[in-house]
Amino acid sequence: MDKIRKFLQKLPPKERDVLLGLLQNLIAGELKGLDIKKLAHPDELRRCRKGDIRIIFQKREGKIVLMDINYRGNAYKDL
């Protein structure tokens with residue numbers, strides 16, 4: 001979670017606000033209108049796309065667990 005917080009702090013304020021709103025919708029379960037896709041990964045990971053930024057998450061027991069937030073080129077490297 002620490003690297004997610006660091007990534008968000010480095011973003012420009014306008015972009016950070018958009019992502020925080022997106023994260024609130026994601027955690028609240030309001031998935032309609034979000035660009036979400038299931039990844040070809042054994043842990044049932046999913047990604048939410050907003051421009052060049054990817055939010056990698058997993059659904060566990062009905063809850064959303066954030067795995068990573070990063071730019072497109074770096075988001076999938078640590079999976």
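The values are calculated or read from the model by the stated rules, or taken from the named source; none is laboratory data. Just so you know, these numbers come straight off a predicted model, no measurement behind them. When we count neighbours, we look across all protein chains shown, and the Cβ atoms used for this are built from the backbone with ideal geometry, even at glycine.
Data overview
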item: Every residue from the stretch 25-79 that is over 11 Å from the mean Cα position of the chain (by Cα) and either acidic (Asp, Glu) or at positive phi (or both); result: GLY29, GLU30, GLY33, ASP43, GLU44, GLY51, ASP52, GLU61, GLY62, ASP78
item: Qualifying residues in the stretch 15-70 (those that are without any contact (Cβ under 8 Å) to a residue 12 or more places away in the chain and part of a strand (DSSP E or B)) - the one surrounded by the most Cβ atoms within 10 Å (Cβ to Cβ); result: VAL65
item: Residues (within 15 Å of LEU66 (Cβ to Cβ), surrounded by 15 or more Cβ atoms within 10 Å (Cβ to Cβ) and either at pLDDT below 90 or over 13 Å from the mean Cα position of the chain (by Cα) (or both)) located in the stretch 1-14; result: ILE4
